[in-house]
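Asks: Handing you a structure now.
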Amino acid sequence: MADQDRDQLSRNEHIKEASGFLRGTLAEGLLKDVTGAISEDDGQLVKFHGMYLQDDRDLRAERTRKKLEKAYSFMIRLRIPGGVVTPQQWLILDDIARTYANGSLRATTRQTFQYHGVIKSNLKRTMRAIDGALLDTIAACGDVNRNVLAATNPHQSGAHRAAYELAKEISDGLLPKTGAWREIWLDGEKVVGGEDEGEPVYGRTYLPRKFKTVVAVPPSNEVDIFAHDLGFIAILDEAGAVQGWNVTVGGGMGMTHGEPETFPRTADVMLFCEPDWALRVAEAVMTVQRDWGDRTNRKAARLKYTIERHGLAAFRAEVERRLGRSFADPKPFRFDNNGDRYGWTAGEDGRQHLTLFIENGRIQDIDGGPRLLSGLRRIAELHAGEFRLTANQNVMVANVAPERRAEIDAIVAEFGLTARTGALRRNAMACVALPTCGLALAESERYLPRLVTILEERLAAHGLADDEITIRMTGCPNGCARPYIAEIGLVGKGPGRYNLYLGAAFDGSRLSKLYLDDAEESAIVAALDPLFGAYAEGRRAGERFGDFVIRAGFVARTDAGRHFHETVGPLKPAGTAVGTLEPA
Ligand code: SRM
Ligand code: SF4
């Protein structure tokens, strides 16, 4: 690259290039015990190892007053393709949560676990314990292909098995090759001149930005395929076998308030490929993004912006050129929801599976409330199948022998594992936000449960207590709980204040629109209550809330371009409705 171009590269590009394939000065930094932090550059690199440096934001002000260093600790994210863990692995993960982290396991929106609160001096011990469970954290974060999601239950059908196999194959195939992870965290043998080991697919500077891949089996869109950079939709033949995959590209949620050049976007369905070609298509899509993605501005670097800039046709042509062949156009498919099915279900082969609702993914014991951590541990002690994490922050106890079902039901009752499950709550998700997330503008995980209780009362008053409506909240516009494809989306604007988005599709295929700007709880409830009333009165048979608010004229349908700008025209005063209040 010419020097002039190099000057324009974002800072992260220089950090990656100079890092010796993700080593930086991490090994030295870990030895410095005068601080609980690591250097700023290493803070960028450590993401590729599955970790974030964070500080407890609840303690910030007090520690600043006392002139103390921030209360630093690390968030660690595992890489678990398809979200599958064995009971033996669960027990080790539980031990780690109790010993090194904050006593909780956090199921994420991408089928894996996070630990919070791991202090620097415990990092290596934690990583060794994770390795001891035959798991790792490589590429769980950073500018790489991240954890690959798959339709939750491989035992449900042959197509689900194929989806899991493909997720695993892509995860393994696109994994960075650097030995840095093993070397730094497990004191693995140093690769002399690690510089020379090479990354045949990624190169020295990896990708311009994070890259997310999922595999779905219709009619369930539980993995929220339209929110991801790359997706595969199973197309089945009459016997239910996978005939091939529709390939989706260019989905993403993140945006920044007040910067209309950033926006959420639902993915395009680009082409159909045969099963043998899926991994090669994944690699080609990723390498076109590697080469075409914007490396000067990280806010414009995701694949969704590359596709907006070049157009889908040019992007597809380049993928086909690199693979030396053309592909068929996508085949018809239909999704009907993007949530989880709770309770017991049986697969094609009659095996039993129990999906448990985990409020906002936080697996912990609450004094006087549900004891999810201990209850799931008890299940792991007797369970002979597996656990499967869902993309909706829930847990499935999968592949249960019929004679064990009663024992598991007894544990569920004893530990209160299904204690809080109203219809709105079952369809709710919140991102982590405060106190750990450095980007949070407002509460999310700690606040949504309260708001749901209030809204469930309003829904019950309108006779809607059992209606399935999706609601998701995030503490900032980055969209970690995918709020823009929930029927009710709440996005943090500042302490106690949220933007309210409405009108997304129940199957996750359509984005919502901004309805209320910068609103406090009372304004949110006051805005939603009459809409619930209108929905109860005026909906057509089977009509979803997200569809109703559009038909009734409360919000406009998201345009054909399938992305929106946060504000169209001047901002309304804080707390006022952007949509019309009277049904058209
Ligand atoms: Fe996320 C950054 C948590 C799924 C979009 N996300 C973060 C960080 C690491 C904050 C940071 O950069 O300092 C958050 C850590 C909080 C904490 O304390 O744990 C964080 N994201 C999460 C999780 C844990 C939310 C959850 O409650 O489950 C999810 C972990 C998924 C995983 O296992 O890998 C999580 N993040 C998502 C999703 C949803 C998805 O992928 O399905 C999105 C929207 C989809 C997308 O990528 O567009 C998402 N996270 C972001 C963004 C915005 C990216 C963008 O293109 O603008 C950021 C900020 C960034 O990258 O600059 C971010
Ligand atoms: Fe943090 Fe924002 Fe993601 Fe929530 S949406 S976890 S506040 S980055």
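Asks: Of all residues in the range 46-65, how many are part of a helix (DSSP H, G or I) and either farther than 23 Å from Phe113 by Cα or in contact (Cβ under 8 Å) with a residue 60 or more places away in the chain (or both)?
Replies: Residues in the range 46-65 being part of a helix (DSSP H, G or I) and either farther than 23 Å from Phe113 by Cα or in contact (Cβ under 8 Å) with a residue 60 or more places away in the chain (or both): 12 in total.
Asks: Residue pairs, Cβ under 9 Å, 6 or more apart or interchain, first in the range 484-503 and under 16 Å from Gly546 (Cβ atoms), second modelled with pLDDT under 95 and of a type in the set (Lys, Arg). List them.
Replies: Partner pairs satisfying both residue conditions: Ile485/Arg510; Tyr501/Lys513; Leu502/Lys513; Gly503/Arg510; Gly503/Lys513; Gly503/Arg557.
Asks: Before we move on, is Asp409 surrounded by fewer than 23 Cβ atoms within 10 Å (Cβ to Cβ), free of Cβ contacts under 8 Å to residues at least 40 places away in the same chain and assigned to a loop (DSSP other than H, G, I, E, B)?
Replies: Criteria not met by Asp409.
Asks: Sort out which residues of the range 427-476 are away from ligand 2 (no atom under 16 Å from the Cβ) and surrounded by fewer than 17 Cβ atoms within 10 Å (Cβ to Cβ), and write them in order of number.
Replies: Listed by number, the residues that qualify are Arg450, Thr453, Ile454, Glu457, Ala460, Ala461, Gly463, Ala465, Asp466, Glu468.
Asks: Okay, next question. From the list Asp340, Asp336, which one is of a type outside the set (Gly, Ala, Ser), crowded, with 17+ Cβ neighbours inside 10 Å and under 30 Å from Arg544 (Cα atoms)?
Replies: Only one candidate passes the filter, namely Asp340.
Asks: Hey, another quick one. Go through the range 413-436 and count every residue that is within 8 Å of ligand 1 (Cβ to nearest atom), assigned to a loop (DSSP other than H, G, I, E, B) and touching a Lys or Arg at 6+ places or on another chain (Cβ under 8 Å).
Replies: So the count comes out to 3.
Asks: I would also like to ask the following. Would you pick out the residues in the range 244-260 that are in contact with a helix residue (DSSP H, G or I) (Cβ under 8 Å, 6 or more places away or on another chain) and either basic (Lys, Arg) or more than 12 Å from ligand 1 (Cβ to nearest atom) (or both)?
Replies: Gly244, Trp245, Val247, Thr248, Val249 - these are the residues of the range 244-260 that are in contact with a helix residue (DSSP H, G or I) (Cβ under 8 Å, 6 or more places away or on another chain) and either basic (Lys, Arg) or more than 12 Å from ligand 1 (Cβ to nearest atom) (or both).
Asks: In the range 103-124, what residues are within 16 Å of ligand 2 (Cβ to nearest atom), part of a loop (DSSP other than H, G, I, E, B) and either of a type in the set (D, E, K, R) or within 16 Å of Arg377 (Cα to Cα) (or both)?
Replies: Listed by number, the residues that qualify are Ser104, Arg110.
Asks: Hey, among the residues in the range 413-426 that are modelled with pLDDT of 95 or more and in contact with a strand residue (DSSP E or B) (Cβ under 7 Å, 6 or more places away or on another chain), which one's surrounded by the fewest Cβ atoms within 10 Å (Cβ to Cβ)?
Replies: That would be Phe415.
Asks: Return the only residue of Asp196, Asp172, Asp187 being out of contact with any strand residue (DSSP E or B) (no Cβ under 9 Å at 6 or more places or on another chain), closer than 28 Å to Asp131 by Cβ and modelled with pLDDT of 95 or more.
Replies: When all the criteria are applied, what remains is Asp172.
The values are calculated or read from the model by the stated rules, or taken from the named source; none is laboratory data. Quantities reported herein were computed from a predicted structural model and do not represent experimental measurements. Backbone-built Cβ (ideal geometry, glycine too); neighbour counts: all protein chains shown.
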